[in-house]
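The values are calculated or read from the model by the stated rules, or taken from the named source; none is laboratory data. Model, not experiment: these values are computed from the prediction. Here the Cβ positions follow ideal geometry from the backbone for every residue, glycine too, while neighbour counts run over all protein chains shown.
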Amino acid sequence: MIIVAGHLRVDPADRASYLDTCQEVVTLARGTKGCLDFALSADIVDADRINILERWETLEDVQAFRGEGTGDDLGARILGADVREFEASSETKL
């Protein structure tokens, strides 16, 4: 399993609009082969931060969905990012 986790930084005044724009991306991701979970959310402490959590069956599934990455319109609105991929070999349901 591949876990993608981290955060984006956007203008605090633009965060709600940015997340609204991402609704289609989240819906598409959740319907994509290999997607186990996909979520973007406003951070409850930092007004400029959007948290990211994705779970995928394989790296190939992530790459197939991601393609060329964020479109220019969304990419231009990102002021900073720290997003990483992790490979998990086991999991325990809590």
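Run down 30, 84, 49, 77 and say which single residue is in contact with a strand residue (DSSP E or B) (Cβ under 6 Å, 6 or more places away or on another chain), surrounded by 15 or more Cβ atoms within 10 Å (Cβ to Cβ), at pLDDT 95 or above and basic (Lys, Arg).
After applying the criteria, what remains is 49.
Check whether at least one residue in region 71-79 is touching a Leu at 6+ places or on another chain (Cβ under 7 Å) and under 15 Å from residue 8 (Cβ atoms), and report yes or no.
Yes, there is a match, as at least one residue in region 71-79 is touching a Leu at 6+ places or on another chain (Cβ under 7 Å) and under 15 Å from residue 8 (Cβ atoms).
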